[in-house]
Amino acid sequence: MPRDQRTITANDILPLDQYELIRAEKKQEAIERKRLTRVSVGPNATALFENWDSMWLQIQEMLRIEKGGEEQLADELAAYDPMVPKGSELTITLFFEIADEVRRDTFLRTIGGVENHVSIQVGSHVIKARPEGDIERTRANDNKASAVHFFHFDFTPDAIEAWKSDEGTAMLVIDHPNYGHAAVINRESRNYLARECF
């Protein structure tokens, strides 16, 4: 696996029968990993910091569910490999979660453009979110935000050093006028992400 090259290739993906043999173990690893990579930002938003392992598992699971073979594999690699941090960035999947469908729909219509209001702050550094593939995640016709967003945070060398130093507070911030919340990223998570992503 070219994990150290920060990319997932077709050669890294196991045939379904081989994957089944280790699936339970990999799912358990994912539960443990989420303890370090999941951050709640206010009452309705959850962020998952991604890494090579989380994206590899996502591809394996999609192939297991849909059984689309080689053609599907190419699509899954194109979708998920870009979310593997490439050495000077952090990536997240951000979910807006409200169980009631009507309340969720109403809420999402109040936070249009939220993709322009997400950042990571570490010490004096502010790293703005960049949507994956520059895809607009708010519908133009009714200003409704998507419930799921994929973001990159491009760190400068100084910001990486600040993150690794454990100095200052690291926070994930959403500063939308209708949803202003921040969450502190604890030291254990910060150290884990430094090892995995930088």
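Please treat every number below as a calculation from the coordinates, not as lab data. A quick note: this is a predicted structure, and the numbers were derived from the prediction, not measured. Cβ: placed from backbone, ideal geometry, glycine included. Neighbour counts: every protein chain shown.
Values computed for the structure shown
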read-out	value
For the chain, size of Cβ-based charge dipole, Lys and Arg +1, Asp and Glu -1, in debye	560
Taking all pairs of distinct alpha-carbon atoms in the range 2-197, Kirkwood radius in angstrom	17.8
Residue order, fewest to most beta carbons within 10 Å, for Thr106, Thr46	Thr106, Thr46
Pairs beyond 25 Å (Cα-Cα), from Lys26/Lys164; Lys86/Lys128; Lys27/Lys128; Lys26/Lys128	Lys26/Lys164; Lys27/Lys128; Lys26/Lys128
Asn11-Ser88 FRET efficiency (beta carbon distance; Förster radius 25 Å; 0.05 resolution)	0.50
Sorted by Cβ density within 10 Å, fewest first, the residues Phe107, Phe155, Phe95, Phe49	Phe95, Phe107, Phe155, Phe49
Residue order, fewest to most beta carbons within 10 Å, for Met171, Met55	Met171, Met55
Sites Arg139 and Asp100, calculated FRET efficiency, Cβ-Cβ separation with R0 35 Å, nearest 0.05	0.95
Net charge over other residues, Cβ less than 12 angstrom from the Cβ of Ser165 (K, R count +1; D, E count -1)	-1
